[in-house]
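Working notes, beginning with the structure itself.
The values are calculated or read from the model by the stated rules, or taken from the named source; none is laboratory data. A quick note: this is a predicted structure, and the numbers were derived from the prediction, not measured. No Cβ is skipped: glycine too gets one built from the backbone with ideal geometry, and neighbour counts run over all protein chains shown. Keep in mind that these areas ignore ligands, DNA and RNA; they rest on the heavy atoms of the full protein, side chains included. Shrake-Rupley method; radii C 1.70, N 1.55, O 1.52, S 1.80 Å.
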Protein chains: 2
Amino acid sequence: MQSEATHAQVLTTVDVVVLTLVEGVLSVVLLQRERAPYVGVWALPGGYIHAQEDADAQASAARVLRSKAGIEGAYLEQLATFSGPARDPRGWSVAISYCALIPQQLLPAPRSGLKIVPVSAVGQLPFDHGQILQAALGRVRSKSQYSSLPVYFLGESFSLPQLQQVYESILGEPVNKVSFRRKMDELGMLEPVPGAMQAGGAHRPAQLYRVRPEFRQQLALSARGL
Amino acid sequence: MQSEATHAQVLTTVDVVVLTLVEGVLSVVLLQRERAPYVGVWALPGGYIHAQEDADAQASAARVLRSKAGIEGAYLEQLATFSGPARDPRGWSVAISYCALIPQQLLPAPRSGLKIVPVSAVGQLPFDHGQILQAALGRVRSKSQYSSLPVYFLGESFSLPQLQQVYESILGEPVNKVSFRRKMDELGMLEPVPGAMQAGGAHRPAQLYRVRPEFRQQLALSARGL
DNA sequence: ACAATAGTGTCTCTCAGACACTATCAA
DNA sequence: TTGATAGTGTCTGAGAGACACTATTGT
């Protein structure tokens with residue numbers, strides 16, 4: 001069949017932008033490429049779709065993260081799909097890109113070939129990974145304005161001041177405390193962890209919260225921002 | 001190379017949800033399939049990516065629209081990418097889906113094998129086209145709440161009451177006239193067509209507007225809805 | 001006691017929607 | 001003149017942010 005021959009020439013890959021907060025700085029995971037093209041160059045985690053083992057492209061992305069970066073348990077969301085004859089020197093290619101959010105403590109120990117770079121300090125990237133990174137940043141910043149997306153930067157339980165700081169880090173501007181707490185209350189996504197407080201400083205301890213079970217792998221959306 | 005053999009088994013296609021407003025009813029273009037699988041079944045316009053001729057997947061979508069449905073000049077926006085071993089009986093496949101918005105008057109004359117169906121009256125669709133259609137509807141309804149997306153349902157020039165009716169059709173609820181005009185003014189995307197009025201009824205004629213050149217293929221976004 | 005941050009009550013200002021009014025056409 | 005729709009001025013109520021206050025810890 002002629003059309004079979006035609007479409008078979010398209011490379012199908014996934015690329016993942018893994019984002020985390022390091023000391024309040026939005027950062028991305030880069031891997032040093034082990035194979036051609038661009039051997040030795042720092043790039044986004046990515047790889048071919050394996051038709052034999054992957055249930056869908058998101059499973060491919062999860063597999064790539066696990067096998068190449070040792071990352072598991074991240075929140076995964078599909079970004080856009082990039083395509084064309086020029087973006088990969090091997091030929092006409094399709095890259096289904098994903099955005100992964102993960103708390104810093106779930107990242108693997110630093111090792112050779114893996115680094116975590118503040119997004120403001122990322123230089124030139126191979127392929128069209130620069131564009132993909134920009135798409136991820138735009139998505140995260142945009143969705144943080146009206147959804148609960150940023151909770152995925154934090155672990156199991158966290159305090160409201162902590163969460164507010166995450167929002168402020170991503171949005172790059174201070175957030176009104178009263179409004180923020182009102183909104184979080186309205187979203188109805190958090191519940192206090194009974195008896196769990198975050199002590200530490202010479203000040204009043206903060207109540208710890210966790211995401212309600214029914215919101216675990218699902219975002220809470222607000223109609224009017226924040 | 002082994003990985004080459006692996007990824008070559010993935011079919012790469014595009015599917016397009018063409019939406020238009022027919023008498024204020026959101027409707028979708030369906031084509032009767034001419035080839036296996038699902039010969040004769042009504043489905044979304046779609047086809048293989050042609051690596052030799054397409055500059056990217058969006059170009060593939062435009063080509064499919066032109067060659068299979070005779071549609072040109074639509075606003076095109078990428079939706080999500082669907083993938084997996086089961087969605088297409090021919091094997092593991094990737095479908096990059098697009099949403100197309102077009103004024104009714106730019107649609108081709110009705111012909112055998114092409115129909116325009118109110119989205120509320122679309123029955124079962126082959127592949128995962130039902131999911132794709134739902135994604136398109138969600139996207140259009142969501143974006144209509146805070147952007148100028150719906151202008152692509154109208155032609156070159158239109159009156160504000162016309163545009164408001166388009167918003168109301170999509171959102172499924174009445175829109176406040178004063179707020180609507182304030183927002184359109186703030187978006188700064190429209191300009192009055194000098195001297196062009198829409199007469200017709202036994203009442204005051206409406207000023208006609210058009211999209212400013214700098215906003216032609218780009219959406220205007222509002223921070224706070226409408 | 002005091003410094004420091006957590007958490008809350010309340011005021012104000014902004015903005016979206018409601019309402020009412022004027023404008024301009026055909027019959 | 002009347003009916004119908006286009007277009008605008010203004011009021012009001014809801015909600016977001018500012019501010020100030022109380023609460024609770026360690027030193």
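Filtered by the rule that a residue be within 14 Å of another protein chain (Cβ to nearest Cβ) and among the small types (Gly, Ala, Ser), region A:6-40 gives A:8, A:36.
Within region A:165-174, being buried (at least 17 other Cβ atoms within 10 Å of the Cβ) and within 13 Å of DNA strand D (Cβ to nearest atom) holds for one residue alone: A:167. Pick from B:207, B:198, B:162: which is open to solvent by 50 Å² or more (accessible area, probe 1.4 Å), under 19 Å from the mean Cα position of the chain (by Cα) and away from chain A (no Cβ under 14 Å)? Selected residue: B:162, the only one of B:207, B:198, B:162 that is open to solvent by 50 Å² or more (accessible area, probe 1.4 Å), under 19 Å from the mean Cα position of the chain (by Cα) and away from chain A (no Cβ under 14 Å). If you check every pair at least six apart or on different chains, which have Cβ atoms under 9 Å apart with a residue in region B:175-203 that is closer than 20 Å to residue B:152 by Cβ and free of Cβ contacts under 8 Å to residues at least 60 places away in the same chain first and a residue that is aromatic (Phe, Trp, Tyr) and within 12 Å of DNA strand C (Cβ to nearest atom) second? Filtered contacts from region B:175-203: B:175/B:167; B:180/B:167. The residues of region A:185-222 that are near DNA strand D (Cβ under 8 Å from one of its atoms) and within 24 Å of residue A:78 (Cβ to Cβ) amount to a single one, A:222.
Only a single criterion out of (1) more than 14 Å from residue B:83 (Cβ to Cβ); (2) more than 9 Å from chain B (Cβ to nearest Cβ); (3) of a type outside the set (Lys, Arg) is not satisfied by residue A:95, namely (1). Listed by first and then second residue, the pairs linking a residue in region A:75-91 that is facing chain B (nearest Cβ under 10 Å) to a residue that is among the acidic types (Asp, Glu) and open to solvent by 30 Å² or more (accessible area, probe 1.4 Å), with Cβ atoms under 6 Å apart and 6 or more places separating them unless they lie on different chains, are A:83/B:56; A:84/B:56. Among the candidates A:40, A:73, the residue that is modelled with pLDDT of 95 or more and on the phi > 0 side of the Ramachandran plot is uniquely A:40. Pairs are defined by a Cβ separation below 6 Å, a sequence spacing of at least 6 or placement on different chains, a first member in region A:1-22 that is among the small types (Gly, Ala, Ser), and a second member that is open to solvent by 10 Å² or more (accessible area, probe 1.4 Å) and at pLDDT 95 or above; the pairs so defined are A:3/B:48. Candidates are the residues of region A:211-225 that are of a type in the set (A, V, I, L, M, F, W, C) and away from DNA strand C (no atom under 14 Å from the Cβ); the one that is nearest to the chain's Cα centre (by Cα) is A:219. When you scan region B:152-160, do you find a residue that is in contact with a helix residue (DSSP H, G or I) (Cβ under 9 Å, 6 or more places away or on another chain), more than 16 Å from DNA strand D (Cβ to nearest atom) and aromatic (Phe, Trp, Tyr), even just one? Yes - at least one qualifying residue is present in region B:152-160. In region A:40-96, what residues are open to solvent by less than 10 Å² (accessible area, probe 1.4 Å), of a type in the set (Gly, Ala, Ser) and assigned to a strand (DSSP E or B)? Passing the criteria: A:43, A:84, A:93, A:95.
Does residue B:109 satisfy the condition of being more than 16 Å from DNA strand C (Cβ to nearest atom), aliphatic (A, V, I, L, M), open to solvent by 70 Å² or more (accessible area, probe 1.4 Å) and under 20 Å from residue B:25 (Cα atoms)? Yes. So is residue B:216 without any contact (Cβ under 8 Å) to a residue 12 or more places away in the chain, open to solvent by 80 Å² or more (accessible area, probe 1.4 Å) and closer than 23 Å to residue B:100 by Cβ or not? So residue B:216 passes the test.
Scan region A:41-66 for residues that are more than 9 Å from every other protein chain (Cβ to nearest Cβ) and either in contact (Cβ under 8 Å) with a residue 12 or more places away in the chain or within 24 Å of residue B:54 (Cα to Cα) (or both) and jot them down.
The answer is A:41, A:42, A:43, A:44, A:45, A:46, A:61, A:62, A:63, A:64, A:65.
Give region A:176-210 a look and list any residue that's closer than 24 Å to residue A:100 by Cβ and either modelled with pLDDT of 95 or more or within 11 Å of DNA strand C (Cβ to nearest atom) (or both), or say none. Residues satisfying the conditions are A:184, A:190, A:209, A:210. With the structure loaded, tell me whether residue B:130 is assigned by TED's automatic domain parsing to the domain that holds residue B:66, under 18 Å from residue A:78 (Cα atoms) and free of Cβ contacts under 8 Å to residues at least 40 places away in the same chain or whether it fails that test. Judged against the criteria, residue B:130 is not a match.
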